[in-house]
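Shown next, in structure tokens, is the structure this report addresses.
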Amino acid sequence: MEGINRLLLQVCMVHHEGRPDLFRAGARKYTDEELKQIIHDDKRPIFVAVDEKEELLGYAFCMFQKHEDSHAFTDITTLYIDDLCVDEVLRGQHVGKNLYEHVLGFAKEQGCYNVTLNVWCCNESAMRFYEACGLKQQKIGMEVIL
């Protein structure tokens, strides 16, 4: 949990620097209690990359999504990547690509139709990374600040 919390802070700072109007500095996405619950939830798999010393290099938080009994959506299973982070000092060394490819393999094994994620427009390096991995835009969120 210590390593995950360290990376959660890094993610928050990237978002805070890009959108300080929305993201607090020094915050984490999950409390320790929420993180414990996620770790034990089979519907929310977490994948980690570690080095030979078991030091955390990166993680991918995922969750299964399904639109059951929907009148509009087909009945497919999606693996949604809720958060993917690589330690900022290790970016560009293929840790993220390896994590992403592992997530893809897991999703295929589980019979998922697709893998999706959201990325903030202010995080241009993440957008470039995901595009390089072959992801394409599925939908676009828009806003007007009042």
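The values are calculated or read from the model by the stated rules, or taken from the named source; none is laboratory data. What you are looking at is a predicted structure, and each value in this text was computed from that prediction instead of being measured. Quick reminder, even Gly has a Cβ in these numbers, built from the backbone with ideal geometry, and neighbours come from all protein chains shown. For the accessible areas, the whole protein counts, side chains as well, though only heavy atoms, and no ligand, DNA or RNA atoms are used. Shrake-Rupley method; radii C 1.70, N 1.55, O 1.52, S 1.80 Å.
Remarks
- Looking only at residues in the range 91-108 that are more than 15 Å from Phe64 (Cα to Cα) and open to solvent by less than 100 Å² (accessible area, probe 1.4 Å), the one that is modelled with the lowest pLDDT is Gly92.
- Screening Lys139 on (1) without any contact (Cβ under 8 Å) to a residue 24 or more places away in the chain; (2) within 18 Å of Asp82 (Cβ to Cβ); (3) surrounded by 12 or more Cβ atoms within 10 Å (Cβ to Cβ) shows it passes everything except condition (3).
- Residue pairs meeting the criteria (Cβ under 6 Å; at least 6 apart or on separate chains; first more than 15 Å from Phe106 (Cβ to Cβ), in the range 54-72; second among the hydroxyl-bearing types (Ser, Thr, Tyr) and assigned to a strand (DSSP E or B)): Lys66/Thr77
- When residues of the range 6-34 are limited to those that are open to solvent by less than 50 Å² (accessible area, probe 1.4 Å) and within 14 Å of the chain's Cα centre (by Cα), the one nearest to Leu146 (Cα to Cα): His15
- Residue satisfying all of: in the range 1-47; charged (D, E, K, R) and in contact with a strand residue (DSSP E or B) (Cβ under 6 Å, 6 or more places away or on another chain); nearest to Phe61 (Cα to Cα) among these: Arg44
- Residues being among the acidic types (Asp, Glu) and open to solvent by less than 50 Å² (accessible area, probe 1.4 Å) - total across the range 68-90: 3
- Whenever a residue of the range 109-123 is closer than 16 Å to Thr74 by Cβ and at pLDDT 95 or above, its partners that are assigned to a loop (DSSP other than H, G, I, E, B) and among the β-branched types (Val, Ile, Thr), lying with C-beta atoms within less than 9 angstrom and at least six residues away or across chains, give the pairs Cys112/Ile76; Tyr113/Thr74; Tyr113/Ile76; Asn114/Ile76.
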